[in-house]
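Have a look at the structure below before the remarks.
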Amino acid sequence: MAGYPPWVSTLSAKPSRLTKNRHGTYCLRWIVPAGMRADGSPREIRFSLRTTDPSTARILALEFNLALERVRAMTREKHPHAGVTPLTVTIGETKWDIRDDNDRRLFDQLMRDNPDIRQALLQSVRSGVAPAEAMAALVQQVKTATTAVTAVANPMLLKTAIDLYEQSRGTLDSNRRSTAGEKRRTMDLLQAYLVANGRPADTTHVHDLRRDELIGFVSDYAQRPAKAGNDGEASKPKGRASESAETLSARTILKAISHLDNFYTFALGRNWVAASPLDNAFHESTAGLRKKAASAKRNNGYEGFSDAELRLIFDPVRYLGNLRAADDFWSPLIAAYLGVRLAEVVTRKASDIQFDAEQGVHVLAIKGGKNNNAIRRVPIPQALIDLGLIAYADHVKALGATALFPHRELNDTRRDDPSKHVSRVFGAHLDDVGISSPDKVFHSFRHTVITRLHVHGTPVGDAELIVGHAAQDVHMRLSNASGSFGGKSSTHLKTYVNAAGYGQESLYQRLKAHLESSLHYPLDVARLKEAAQIVQELTIKKPDGSFSSGWHTNNRVLAKEMLARVAAVPSQAPDRPTSPAALPAAG
């Protein structure tokens with residue numbers, strides 16, 4: 001090849017499948033792979049390139065081979081977890097993207113369900129169309145088919161599916177009612193987003209939703225302002241100074257994504273969809289959120305309360321003035337001495353405060369919560385008993401109440417979000433006493449207790465048993481079997497060593513001793529005890545059988561009387577008493 005660089009000669013090799021017929025016209029000879037043969041189709045196909053020019057024939061053959069090999073590569077069986085190498089097939093003006101397992105699954109299903117499309121290339125070739133045109137026609141057919149709605153066995157309207165999904169979530173023991181409510185809210189927000197973008201609620205089916213729509217929803221959701229009233233990672237109580245211009249945290253957004261994942265798992269099981277649009281490409285688009293959420297979990301921004309802050313929070317007069325109902329009053333105190341989560345307090349029954357006669361210890365039984373480790377019995381330290389917690393529990397039992405805080409109506413809102421009210425009023429109380437840091441919230445009590453347990457030398461295993469980071473039942477089985485702390489689990493011991501047969505002689509006494517030796521707060525116990533007595537007196541059963549607690553905001557006379565009664569008690573504060581002049585404005 002005179003006049004060309006030496007390497008050009010390597011391009012002169014005859015492409016595969018290129019041959020000549022007896023008239024000197026170039027042809028392509030194709031042995032059809034078994035997987036692409038339809039019944040009765042030939043094993044071998046020949047067709048004319050209608051040219052005797054070798055250069056033109058090579059170009060056409062190379063283009064055909066390249067396109068054909070790409071199609072074959074896309075239809076080749078792969079391990080379901082192997083993933084897909086991103087591939088773009090471009091022939092003429094037609095572009096076809098294969099980016100993830102979902103695209104590959106759709107194509108595979110298309111080829112299995114539509115033998116006519118699988119044979120489109122063969123038919124085009126037999127017609128004598130130029131290879132580039134034939135492949136372009138095939139790609140266009142496949143592209144059209146893969147973007148069409150995938151057939152499903154049981155089409156379901158999205159709004160109906162959401163109702164069925166919520167009912168199912170609400171009946172599973174592994175999901176608290178509040179969790180079901182959160183998932184319902186996520187799905188309702190999704191439907192509202194779809195309606196706002198032209199998807200009518202009365203005609204939109206679950207299988208209609210596309211990946212790009214779900215990504216758009218997540219992006220829109222991520223811009224929502226942080227809501228007040230929940231004691232979660234993204235939420236600050238209403239009125240907190242930190243709330244201005246804040247959007248939802250990465251962890252909150254990931255929770256919504258997990259709700260979508262859960263919904264599509266539910267939908268797949270009922271044949272509402274053929275494949276989930278929450279595929280690799282969807283999750284790749286949220287990789288940044290996952291990284292931020294993992295970082296937020298490692299570096300939880302909440303901080304514990306200092307002695308000075310605890311003194312402000314539990315100033316008896318101001319505390320009763322702001323938190324006069326029983327749940328508002330007792331929840332922070334219980335959290336400060338037990339390290340419990342807010343939802344673990346407000347959902348308790350009166351019968352959950354128990355006396356363990358064998359060990360001589362009062363305990364708070366937490367029978368449901370965040371996970372299995374959260375199911376535990378926490379010994380009640382003497383400080384809470386001295387303040388009147390046991391007396392209050394006995395009082396509401398005598399009134400015939402079932403709930404520990406029976407005055408709070410158990411409506412749907414409270415079932416779905418039982419912490420909302422106390423979180424809100426406690427946040428307002430923090431603002432009132434001058435604690436406005438976004439890192440100081442109700443959950444800070446949990447950080448306070450855990451930190452102080454460790455600082456005062458509580459063994460890690462015992463601290464985890466107190467706050468619900470380890471399962472007490474497993475611990476007791478293993479401790480009985482080994483004679484030492486059961487910090488590790490094993491299938492054999494966990495299954496066959498019965499906790500009921502284990503002498504729990506020291507567990508609760510030991511945990512109580514840890515709490516009492518670690519949690520020394522500078523509180524005015526005498527005045528707080530008087531405030532607790534007032535709360536108990538004002539928690540009553542009304543003639544209609546309902547309950548009430550505290551006083552109405554507008555009852556300024558009663559408010560002033562009760563606050564003056566607290567202030568009149570001789571102070572037992574370690575260093576700074578509260579004078580009657582410090583009374584907050586009633587109401």
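Values quoted throughout were computed directly from the atomic coordinates according to the rules given, and no laboratory measurement underlies them. Every value quoted in this text rests on a predicted model; they were computed, and no experiment measured them. For neighbour counting, all protein chains shown are included, and Cβ atoms are generated from backbone atoms with ideal geometry for every residue, glycine included.
With r defined as the distance between the Cβ atoms of Leu268 and Ile31 and R0 fixed at 41 Å, what FRET efficiency is calculated, to the nearest 0.05? Could the numbers behind the result be given before it?
On the way: r = 39 Å, r/R0 = 0.94.
Computed FRET efficiency for Leu268 and Ile31: 0.60.
With 20 Å as the limit, write out which pairs from Lys420/Lys541; Lys292/Lys420; Lys397/Lys541; Lys349/Lys541; Lys255/Lys440 have Cα-Cα distances beyond it, or answer none.
Those over the limit are Lys420/Lys541; Lys292/Lys420; Lys255/Lys440.
Give me Ser506, Ser419, Ser331, Ser517 sorted ascending by neighbouring Cβ count inside 10 Å, so fewest comes first.
So the ranking, lowest neighbour count to highest, is Ser506, Ser517, Ser419, Ser331.
Which ordering of Val455, Val467 is given by a fewest-first count of other beta-carbon atoms within 10 Å?
Ranking Val455, Val467 by Cβ neighbours within 10 Å, fewest first, gives Val455, Val467.
Could you tell me the calculated FRET efficiency between Asp432 and Asp356, based on Cβ-Cβ distance and R0 = 41 angstrom, to the nearest 0.05?
After rounding to 0.05, the efficiency reads 0.60.
So between Lys291 and Leu62, what do we pick up on full extension, going 0.36 nm a residue minus the alpha carbon distance? Please report the intermediate quantities before stating the final value.
On the way: separation 229, 0.36 × 229 = 82.44 nm, distance 4.45 nm.
Taking 0.36 nm per residue and subtracting the Cα distance, the gain is 78.0 nm.
By how many nm would the segment from Glu44 to Thr19 grow when fully extended, if each residue of separation counts as 0.36 nm and the alpha-carbon distance is taken off?
7.7 nm
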